[in-house]
1. When you check V153 against the structure, is it in contact with a helix residue (DSSP H, G or I) (Cβ under 8 Å, 6 or more places away or on another chain) and aliphatic (A, V, I, L, M), yes or no?
2. Could you tell me which residue of the range 68-98 is surrounded by the fewest Cβ atoms within 10 Å (Cβ to Cβ), considering only residues that are within 16 Å of ligand 1 (Cβ to nearest atom) and of a type in the set (K, R)?
3. Tell me, please, whether a residue that is at pLDDT 95 or above and within 16 Å of ligand 2 (Cβ to nearest atom) can be found in the range 259-270.
4. Can you find even one residue in the range 274-285 that is surrounded by fewer than 24 Cβ atoms within 10 Å (Cβ to Cβ), without any contact (Cβ under 8 Å) to a residue 40 or more places away in the chain and among the acidic types (D, E)?
5. Is it the case that T225 is surrounded by fewer than 18 Cβ atoms within 10 Å (Cβ to Cβ) and either within 16 Å of ligand 2 (Cβ to nearest atom) or of a type in the set (S, T, Y) (or both)?
6. Looking at the range 108-130, can you tell me whether even one residue there is within 15 Å of ligand 2 (Cβ to nearest atom), surrounded by fewer than 24 Cβ atoms within 10 Å (Cβ to Cβ), under 18 Å from the mean Cα position of the chain (by Cα) and not polar (S, T, N, Q)?
7. Output yes when any residue across the range 166-187 is at pLDDT below 85 and surrounded by 20 or more Cβ atoms within 10 Å (Cβ to Cβ), and no when none is.
8. What are the pairs with Cβ atoms under 7 angstrom where one residue, in the range 167-189, is in the same structural domain as Y69 (by TED's automatic domain parsing) and the other, located anywhere, is within 16 Å of ligand 1 (Cβ to nearest atom) and among the hydroxyl-bearing types (S, T, Y)? Sequence gap at least six, or different chains.
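The values are calculated or read from the model by the stated rules, or taken from the named source; none is laboratory data. A quick note: this is a predicted structure, and the numbers were derived from the prediction, not measured. With ideal geometry, Cβ positions are generated from the backbone for all residues, glycine too; neighbour counts draw on all protein chains shown.
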Amino acid sequence: MRNRTHRSGSEHFVWRLRGSGGELMRRWFFLFPSWSLGTRSKVDYSYCSIKSIRQEDIVAKKPKQIAIYGKGGIGKSTTTSNISAALSVAGYKVMQVGCDPKSDSTVTLRGGEYIPTILDTLRDKKNVKTEEIVFTGFNGLYCVEAGGPAPGVGCAGRGIITAVELLKNLRVFDEFDLDYVIYDVLGDVVCGGFAVPIREGIAEHVFTVTSSDFMAIYAANNLFTGIKKYSNNGGALLGGVIANSVNSPYAKHIIDDFVDRTHTQVIEYVPRSITVAQSELQGKTTIEAYPDSDQAKIYKGLAAKIAAHTESKVPEPLPGQELRAWAASWADQILAIETGEVRSAGSGI
Ligand code: ADP
Ligand code: MG
């Protein structure tokens, strides 16, 4: 097992302690990192004796695995990379696995650089080594891209299936002693491959990124159908919805109403922000480029909520017709919310 040489002895010890006391202290450190660091010498570790740590507690570490789904272009990779970066800054060991044929999930964790994908590497050679598919990024976090088929050939979900198998065979999760593995998965393709992290129960918790746009909500509702389908067979359950690009009151109302009707919850509202665009243009996450910005604080808060999250649920997707009727009912309401003006459906604006 690798050592965490970047930590002091006492911090290292806290991270290694797996009991409820250790978890509590770790959470405290994550939620109030600056406080914890600033007063490190005052923290009393004496009550937890080194002798009380059992060997199996140290060895049997299992990373928390999280999958983040959503429609293409909705902000999955941006949100996922900022969550990964925030968790890493808080002291966790994180691996981000891009599962989108676009293969750009981890670019802002690597200064704008693309990494070779698992599928491309496997095309060139049979025996692949860990260092040929796992690359380090911002703050030492690990980056993997599953990759996709050549355009027009094969199934787009193949990359995920292959990536998951290979990471397992190479025992990557054991080797890197990870706290979190976060899968960034394209969610608008209805293909078996994309359901793998859910179906196989690889991810313990699924989160979905959506805006208030109908197609994004449609993709989230499809994801809920997939989660519900596998929920009785050990499939992953839903942790919640990350509401992205929420800048107007009506957007918040629409998403709130959708989560109510589907028996889910919003875990965080993330505004559309120019800071995100500025960071992306520098090839960085907002956590790296503007760590003290309001947007970085929101991503840190979101990461803290995901770290603390334990109970995921089975969502109740809306049947197709109902989803359309629900969407139509919002056509008049959004105008009323924004302008106070009420017009009948079909009258246009
Ligand atoms: P996906 O991974 O879902 O395909 P991306 O994360 O690549 O989507 O985001 C698509 C575009 O939207 C990117 O240019 C990204 O910078 C931008 N974007 C996403 N979320 C935000 C946000 N909250 N504020 C500003 N821009 C955003
Ligand atoms: Mg992406």
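1. no
2. K71
3. Among the residues of the range 259-270, at least one is at pLDDT 95 or above and within 16 Å of ligand 2 (Cβ to nearest atom), which makes the answer yes.
4. no
5. yes
6. Yes, the conditions are met somewhere in the range 108-130.
7. Scanning the range 166-187 turns up at least one residue that is at pLDDT below 85 and surrounded by 20 or more Cβ atoms within 10 Å (Cβ to Cβ).
8. I182/T80; I182/S84; D184/S77; D184/T80; D184/S105; V185/Y69; G187/Y69; G187/T208
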